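Worksheet: the structure to be examined is printed underneath.
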């Protein structure tokens, strides 16, 4: 099915994290698509930081998110003697965890909705201990509802 | 070289996996591009699951794929005491392995062909032990062969 | 804000690496956008190799890059007994490190500039010991400065 590619919407959302952990931002992104009249195309989600990142993961059992946090911790242990330590013991592990996950995600959109699997949620992952304000840039390319 | 962006094609392919392992899906994706008359632009490949994922890897020596499986196993060992264990000992490691690899890949298309390196293949990676049916969503944005 | 999607620019840049390590390629990519008259849309950066990869990381303290290299080394140790060893002891670890990082990145563009965070740089990561020539394919979809 071939459709027109006539619309580009760009913008950003800001999230306040409460320190290290996973925040489900699927609903906020879906609302942004609604507000911008997106119909069919591709949505790119980009996080403008290097100590917080993105991932698409299971949204059913919160234990999954705790186990994912633990797995990242094992790959980037806080106790390791890092060269870069001036910003605190949680900073360098945060960069490693960001590199292991995603800075951007590109998600298909059909009839105004992301074609996520039923168990998929989009998560902003804060890797720092302290709460932070995080900016997520959104780009939609495709057709609009008014086309 | 500036070209028009007039075509959007969206759809999906379904693959039957035989349990944990790498499946080369490059040919099926190339055929989908052909069938949809894609010429020049960008193809996004998105997997609608959280216990299977995508990666682009060497397609020459099958030993590479076995070593990659082992590396993922070391990062997400099955024997670990995960909180999330109700879906079997292979489920939580599967989510970790998905997070470490990719849920989507965006690949340039020129003259109807993906501009993959000569040794690059697109792999669907099944992380669960049992065979599964997996859905891969494809989105092409760019120009069509009939333009 | 809805804009037209009328321009597609595709091309590639070639980089000579000096062996294993991170190379900041942000400036070269920015220049490519300028040369192609890109205004607003999405840029995809794709590396056509499986033993070198891409990541967006902190560009302030070079110690961060050394610590990231060490982290990748711990996840893909050179001393491990890999099946695939015919191309040298640094080859299979390179494939693993590529799988753990990114083969492509999609970055929003506004007014001709990528909307990177102030500390974000785009890095080509060479995983092999020897210098290599690496090809990075660039795709811009959006509006042009002349629109």
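Throughout, read-outs are computed from the coordinates displayed, never taken from laboratory work. None of the values given here were measured: they were computed from a predicted structure. Every residue, glycine as well, gets a Cβ built from its backbone with ideal geometry; the counts of neighbours run over all protein chains shown.
Tabulated results
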| item | result |
| --- | --- |
| Stokes-Einstein diffusion coefficient of region B:1-47, Kirkwood radius over Cα pairs, 25 °C, 0.890 mPa s, in µm²/s | 191 |
| Helix axis angle, C:62-75 relative to chain C longest principal axis, alpha carbon, degrees | 50 |
| Against the rule of thumb 2.2 N^0.38 Å, how large the Cα Rg of the protein assembly as shown comes out | 0.91 |
| Theoretical ellipticity at 222 nm over chain B - DSSP helices of four or more residues, -39500 (n - 2.57) apiece, nearest 500 | -7000 deg cm²/dmol |
| GNM result for chain A, Cα springs below 10 Å: residue of A:16, A:58, A:87 fluctuating most strongly | A:87 |
| Reduced Cα scattering model of region A:86-147, Debye log10 I(q)/I(0), q = 0.12, 0.24, 0.27 Å⁻¹ | -0.47, -1.14, -1.28 |
| For chain A, built as a Gaussian network whose Cα springs stay under 10 Å, the top-fluctuating residue of A:12, A:98, A:51 | A:12 |
| Cα-based helix-to-principal-axis angle, C:26-35 vs chain C, degrees rounded to 10 | 30 |
| With 10 Å bins from 0: P(r) over region B:22-66, alpha-carbon pairs, percent | 20, 45, 31, 5 |
| C-alpha long axis of helix A:91-100 to longest principal axis of chain A, angle in ° | 40 |
| Residue B:16/residue A:133 FRET efficiency (R0 60 Å; Cβ-Cβ; nearest 0.05) | 0.85 |
| Residues C:25, C:96, B:56 arranged by fewest to most Cβ contacts within 10 Å | C:25, C:96, B:56 |
| Fraction in percent of alpha-carbon pairs per bin - 5 Å, region C:54-127 | 3, 14, 21, 20, 16, 11, 7, 4, 2, 1, 0 |
| Partner chain coverage, peptide A:33-42 - average Cβ within 10 angstrom | 3 |
| Kirkwood-based shape ratio for chain C, expressed as Rg/Rh from alpha carbons | 1.04 |
| Computed over chain C: relative contact order in percent, which uses C-alpha pairs under 8 Å that are six or more apart | 54 |
| Choice from A:106, A:86, A:94 with maximal GNM fluctuation in chain A (Cα, 10 Å cutoff) | A:86 |
